[in-house]
Amino acid sequence: MAIELGHFSLILAFAIATVSALAGLWGWNRSERVALFLRQGALLQFLLVAAAFAALQGAEVGTFYLTDFLAKHFQALVWEGLGLDRHPELLSAYFGNYTRLVLLTQSGDEHVVAAGRAAAEHLGLRFEHHHTGLEPFGQAVSVRLGQVV
């Protein structure tokens, strides 16, 4: 049930992002009312994505999360940073209770997804990829810039 609520939250966040994008294209600087709508939409998107994250985490507690940056630099930051290159016997101590690795990407770079998949294989975890994107941030910045100008 929790995973379904998470998916529903993501669908609602996507719908709000779509409406916000269309409203932003139509008249982000024409009316204070539209700007207010866009600010409230951005807050609602954040809350819905937070609810989706909580649902994903609640559905499977043993989840290790990676972002674009961590996936690109997994070897240096995680593997070597935790000393697993020198002491591979620590792998089960660090990651023994994890069952999956979730990669949350903002870019559409396939090399990042491949690096995340390789990290999951390295750790012996099931791999999942969720693209979060950067679109909502662009809307929030354009609304703020419109108010300053």
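Numbers at a glance
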| read-out | value |
| --- | --- |
| Separation of the Glu110 and Thr67 label points, Cα + 7 Å toward Cβ, nm | 2.6 nm |
| Label-point separation, Leu44 to Ala76 (7 Å along Cα→Cβ), nm | 4.2 nm |
| Using a Förster distance of 41 Å, the FRET efficiency for Ala15-Asp85 (Cβ separation, nearest 0.05) | 0.35 |
| Amide hydrogen neighbours beyond the local backbone of Thr99, cut-off 5 Å, H modeled | Gly62, Thr63, Phe64 |
| Length-normalised contact order for region 62-134 - Cα pairs under 8 Å, 6+ apart - percent | 39 percent |
| Length-normalised contact order of region 45-101 in % [C-alpha pairs under 8 Å, at least 6 apart] | 45 percent |
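Each value in this text was obtained by applying a stated rule to the coordinates, not by laboratory testing. Remember, it's a predicted structure, so these values are computed and weren't measured experimentally. So basically every Cβ, Gly included, is an ideal-geometry build from the backbone, and we count neighbours across all protein chains shown.
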